[in-house]
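Report on the structure given below.
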Amino acid sequence: MAEEESPEEQNEYLSSSIRKYEEMKRRKERYFFDVDALLKIIDHFIDSFEFEKALDVTGYALSIHPQSTSFTLKEAQLFGLTGKEKEALALLEKVEHINPFDVEVHLIRGNVYNATEQFPKAISSFKRALELSDDQKDDIYLSLAITYQNMSDFNKAVDYYKLCLIENPNNEVAMGEIVLSLEFSNRLTEGVDFFNKMIDEYPYDFMLWYYLGEIYSKQGAYESALNAYDYCLIIKEDFAPAHLDMAQALSMMERFDEAILRYKTAFEYCQPDGFTYYNIGECYEQLKNFEEARTYYKKAVKIAPEMAQGWYGIGVTFEEEERWYEALHYVKKAIEIDDQNGEYWLALGDCEYRLNNFTEAEECYKKVIDYDPDNTEGWIAYADLLNEFNRPMEASELLSTALLYHFDNTEIHYRKACYLYLSGYLEESYQQLASALDKDYNMHPVLFEIAPQMENDSRVQMILSQKNNRL
């Protein structure tokens with residue numbers, strides 16, 4: 001019995017075959033290659049997404065091995081990958097007539113149907129492949145799971161991902177994808193049980209620990225997530241994703257100093273990227289260390305200049321230090337990249353207001369409610385600006401619109417009562433005040449901050465007293 005080749009020997013065989021094929025092309029000659037060598041070359045080009053090269057090799061392979069259905073299947077696979085689905089299906093039908101029990105025919109057909117979103121046909125093909133397959137069933141289960149996931153049938157997707165992992169606990173694609181389907185099918189708790197059972201059987205599989213941590217994180221069970229990530233790193237200390245996700249969990253727990261240290265530890269095992277620098281900046285911002293936060297936001301945008309939130313983060317640090325001109329510059333940079341983000345327009349409006357550019361501030365606040373009507377701060381800031389410039393009726397009307405989006409927001413109810421009062425619509429103001437008090441009596445001092453004269457209004461005091469007596 002021949003000894004199995006080592007990975008090094010296999011790589012050398014592949015490299016040698018590719019060199020030989022390329023030499024043949026340069027010389028415009030015809031060399032002989034055995035089936036195995038040509039299949040390996042084709043797979044290499046497919047894995048490298050060099051589909052045209054793979055098709056070229058397939059065509060040559062068919063010219064010297066015309067009876068080999070393996071190359072017809074490769075051609076069908078490549079047609080499917082390059083958008084020639086009809087041609088792919090025709091070739092598969094041809095091979096099926098020759099060998100109706102070839103698993104690959106049904107797998108490739110399933111993938112072609114998946115690519116054209118003919119999901120029921122894809123499922124039928126994969127299930128037929130499953131009937132014919134004696135081994136590697138995990139790949140077929142994975143294909144079925146992905147198809148169901150594409151159909152948004154997340155429950156069935158979970159079931160097939162589980163079968164895939166039971167068959168092959170090292171299938172990392174299934175491990176990663178099952179988390180999404182568990183979340184969308186509201187089966188995260190079941191996912192915890194499943195991964196714990198898998199870990200009982202394979203306690204030293206660091207990836208199982210890692211994805212258990214991911215599921216705990218999605219549940220908001222961050223302490224349990226940290227524990228799972230810890231075990232993952234005990235088994236494989238240099239696994240950077242676990243360090244990064246542990247840092248994220250620590251950040252969610254508001255343990256920002258620890259999160260920063262963990263992010264920096266991750267850099268021992270992976271290259272820093274803009275997103276991670278941004279996360280470190282956020283941690284420093286939460287710690288009110290705005291200078292250090294700014295340093296990391298700047299590192300983020302240096303690596304990823306298209307990262308709008310990085311430029312915005314720099315602007316926020318300047319806002320926190322009341323350095324309005326500098327903040328204005330960086331917030332504008334964020335808006336140049338993402339000009340429909342209400343949060344960015346709100347920050348720009350605040351900067352313009354602080355710099356006494358009131359017309360510009362008003363335009364910014366308009367943008368906030370246009371692009372992000374769910375942003376309550378935008379409505380309030382705009383209304384306050386209108387009131388400040390003796391336009392309380394406009395402010396009141398604006399907040400009437402705001403209440404269509406935020407009827408349960410007590411502060412908007414109180415402010416509307418104030419602006420109606422300042423506009424001279426006293427009866428409407430009293431009615432609005434009663435509504436606001438029903439929502440939260442304890443917030444009523446805001447009335448006297450916005451409209452101090454209301455404190456001396458006997459009717460206002462009577463309404464307050466009546467509501468207080470009912471508490």
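Bear in mind these aren't lab numbers, they're just calculated from the coordinates by the rules spelled out. Remember, predicted model here, so these are calculated numbers, not experimental data. Here the Cβ positions follow ideal geometry from the backbone for every residue, glycine too, while neighbour counts run over all protein chains shown.
Details
- Set Lys94/Lys156; Lys156/Lys236; Lys299/Lys333; Lys367/Lys439 screened for pairs whose C-alpha atoms are more than 26 Å apart: Lys94/Lys156; Lys156/Lys236; Lys367/Lys439
- For the pair segment 356-432 and segment 218-291, the centres of their Cα atoms are 40 angstrom apart.
- For segment 249-317, the square roots a ≥ b ≥ c of the C-alpha gyration tensor eigenvalues yield an a/c of 1.5 or more together with a/b not exceeding b/c, which makes the shape oblate.
- Once both labels are positioned 7 Å from their Cα atoms along Cα-to-Cβ, the gap between Gln118 and Thr401 label points is 5.0 nm.
- The phi torsions of segment 144-155, fed into the Karplus equation with coefficients 6.51, -1.76 and 1.60 and a -60° offset, translate into couplings of 5, 4, 5, 5, 4, 5, 4, 7, 6, 8, 6, 5 Hz, rounded to whole numbers, with Gly and Pro shown as x.
- The alpha-carbon atoms of segment 213-365, seen along their principal axes, cover 59, 29, 26 angstrom, with the largest extent given first.
- The Tyr202 and Asp230 beta-carbon pair, evaluated with R₀ = 22 Å, returns a calculated FRET efficiency of approximately 0.80.
- Diffusion constant of segment 279-411 at 10 °C, which comes from Stokes-Einstein with the Kirkwood Cα-pair radius and 1.306 mPa s, µm²/s: 104
- Debye intensity ratio I(q)/I(0), log10, the chain, q values 0.05, 0.07, 0.08, 0.09 Å⁻¹ (C-alpha model): -0.35, -0.63, -0.77, -0.90
- Rounded to 0.05, the FRET efficiency of the Tyr425 and Glu223 pair, given R0 = 45 Å and the Cβ-Cβ distance, is 0.25.
- Remark: segment 303-314, residue by residue, has Karplus-estimated 3J(HN,Hα) of 6, 10, x, 7, 7, 4, 5, x, 5, 4, x, 4 Hz, where x stands for each Gly or Pro and the curve is 6.51 cos²θ - 1.76 cosθ + 1.60 at θ = phi - 60°.
- Added length on full extension, which subtracts the Cα-Cα distance from 0.36 nm per residue, Gln271 to Asp408: 44.7 nm
- At most 11 other Cβ within 10 Å, DSSP loop - GluC sites (Glu not before Pro), segment 103-160: Glu117
- Rounded FRET efficiency, nearest 0.05, which uses the C-beta distance separating Leu261 from Gln67 and R0 of 56 Å: 0.30
- Whichever aspartates and glutamates have a C-alpha closer than 15 Å to that of Lys302, once near sequence neighbours (fewer than 8 apart) are set aside: Asp273
- Over all pairs of different C-alpha atoms, segment 98-207 has a mean inverse distance whose reciprocal, the Kirkwood radius, equals 14.3 Å.
- The label point for Glu291 and the one for Arg323, both projected 7 Å from the Cα toward the Cβ, are 1.0 nm apart.
- Segment 138-211-segment 443-471 distance, computed between alpha-carbon centres (Å): 58
- For segment 352-367, Karplus couplings with θ = phi - 60° (6.51, -1.76, 1.60), whole Hz, Gly/Pro x: 4, 4, 5, 8, 6, 9, 6, 4, 5, 4, 4, 4, 5, 5, 4, 5
- Most to least packed among 415-422, 133-140, 63-70 [average Cβ atoms within 10 Å]: 415-422, 133-140, 63-70
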